[in-house]
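Read the structure below first, then the notes.
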Amino acid sequence: MNHRGLLIIFSGPSGSGKGTVLKRYFEKYQNAQLSISATTRDPRPGEKDGVSYYFVSQEKFQSMQENDELLESAKYCDHCYGTPKKPIENWLNEGKDVFLEIEVQGGAQIQKKVPQSVGIFNLPPSLKVLESRLRGRGTETEEVVEKRLAAAKQEISQAVHYDYLLINDDIEQAVEELAQIIHAEKMRSSRNQDLIERMLENHD
Ligand code: 5GP
C-alpha cells in the first residue's frame, strides 16, 4: 500500500465536537498529526500558543498571507484563521495522516488545491444539541453564541461538498467510524496504482 499519508479536511460547526473526536482519535491512533493553525483571535482560557493555535496579530497574519506561508485561510466570525504550509508536506512524506481542523471556506480551498485530500464533515446529532454544547462551554458571550449558531447553519449547508459525514453522537463510535473511513481511503485503487504495476511487473 501507498506509504504517503492522507491529507484530511475535518470540518464541522463550532460545538459539533470536532476537537473531542480528534483528541480521542489521536490517543488511539498514533500515525496521525494535527496541523496547528494560525489565528488572530484571542486565546480561550487554557489554550496555549503553539499548541492549540499560533496566536498572531493581524499584521503578522497578513504578512504570512503575503509571503505565501498559508495553504488556505479564511475569515470566521470576525477573526482570521489559516493553515501553515511548511510542516504539512514533511508529515505527509513521513507517512503521517495530517488532519486540518478547519471551517468550510478553507475546506473548499484545500479540495481545489489538493484533489486527493479527503473531506470529512462532523455533524452534531441535532441543532438543539449543538446549541446546548455551545452554551455549556461557558466561554463565549451570548452575542458570540448567536453568531456561531448562525455560522453553524451556514456551515452545515456545505456538508454535501464533503466526501463523508461523521455523526457525532457517541464519541467512541464516531472515532471508530473515522478510523474506518481512513482505512478504506487508503485502500482506494486510485491511491495504489504502483502496487498494481509492481504486481504485473514481478511474476514471482
Ligand atoms: P475556534 O475559534 O472555535 O477555535 O474555531 C472557529 C472555526 O475556525 C472552527 O470551525 C475551526 O475548525 C476553524 N479553523 C481553525 N483553524 C482554521 C484554519 O487554519 N483555517 C480555517 N479555514 N479554519 C480554521
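Each 10 Å bin from zero holds the following percent of Cα-Cα pairs in segment 59-100: 26, 46, 24, 3. Take segment 59-204 with all the other protein chains still there, run a 1.4 Å probe, and you get 59 Å² of accessible area per residue. Close amide-amide hydrogen proximity is noted between N122 and S11, G12, L166, each under 5 Å apart and 5 or more residues distant or on a separate chain (H modeled in the peptide plane; Pro and chain starts excluded). A DSSP coil position with no more than 15 other Cβ atoms inside 10 Å describes none of the GluC sites (Glu not before Pro) in segment 130-187. Computed over Cα pairs, the Kirkwood radius of segment 30-128 leads via Stokes-Einstein (0.890 mPa s, 25 °C) to a diffusion coefficient of 168 µm² per second. For Q62, project a label point 7 Å along Cα to C-beta. Then give me every residue of segment 76-101 with its amide nitrogen under 14 Å of that point. It comes to 80, nothing else. Taking only protein heavy atoms and a 1.4 Å probe, the accessible area of segment 28-152 is 51% carbon and sulfur.
Distance from the C-alpha centroid of segment 1-63 to that of segment 155-204: 20 Å, rounded to the whole angstrom.
Charging the Cβ of each Asp and Glu at -1 and of each Lys and Arg at +1, and nothing else, the dipole of segment 69-158 about its Cα centre rounds to 160 debye.
Taking amide H as placed 1.01 Å from N in the peptide plane, the amide H of C80 sits under 5 Å from that of T40, R41, each at least 5 places away or on another chain.
Place a +1 charge on the Cβ of each Lys and Arg in segment 112-164 and a -1 charge on the Cβ of each Asp and Glu, then give the dipole magnitude about the Cα centre in debye, rounded to the nearest 20.
Roughly 120 debye, rounded to the nearest 20.
For the chain, modelled as a GNM whose springs connect Cα atoms under 10 angstrom apart, the maximal fluctuation among Y162, Y81, Y29 occurs at Y29. In the context of the full protein assembly, H183 retains an accessible surface of approximately 120 Å², using a probe radius of 1.4 Å and ignoring ligands and nucleic acids. For K153, the lysines whose Cα comes closer than 27 Å to its Cα, not counting residues fewer than 8 places off in the same chain, are K18, K23, K75, K112, K113, K128.
Work from the charge dipole of segment 1-132 (Cβ charges, +1 for Lys and Arg, -1 for Asp and Glu, about the Cα centre) and give the residue of G46, C77, N93 farthest towards its positive end. Result: N93, furthest along the dipole toward the positive end. In this structure K23 has an accessible area near 130 Å², from a 1.4 Å probe over the protein heavy atoms. Between Q33 and D97, V98, F99, the built amide H atoms are under 5 Å apart, and every one of these is 5 or more places off in sequence or on another chain. With both labels modelled 7 Å from their Cα along Cα-to-Cβ, the R191 to E69 distance reads 3.1 nm. Expressed as a whole percent, the proportion of Cα-Cα pairs in the chain lying more than 21 Å apart is 56%. May I ask for the angle, rounded to the nearest 10°, between helix 104-113 and the longest principal axis of the chain, with both axes built from Cα atoms and the value confined to 0 to 90°? Helix 104-113 sits at roughly 30 degrees to that axis.
Among DSSP beta bridges lying fully in the chain, give the percent that are antiparallel, nearest 5.
The antiparallel fraction comes to roughly 30 percent.
Per-residue Karplus couplings for segment 61-74, computed as 6.51 cos²θ - 1.76 cosθ + 1.60 with θ equal to phi - 60°, are listed in order as 4, 4, 5, 5, 5, 5, 8, 6, 8, 10, 6, 7, 7, 7 Hz, Gly and Pro entered as x.
The values are calculated or read from the model by the stated rules, or taken from the named source; none is laboratory data. Everything numeric in this text was worked out from a predicted model, so none of it was measured. So basically every Cβ, Gly included, is an ideal-geometry build from the backbone, and we count neighbours across all protein chains shown. Only protein heavy atoms, including side chains, enter the accessible area calculation; ligands, DNA and RNA are left aside. Shrake-Rupley method; radii C 1.70, N 1.55, O 1.52, S 1.80 Å.
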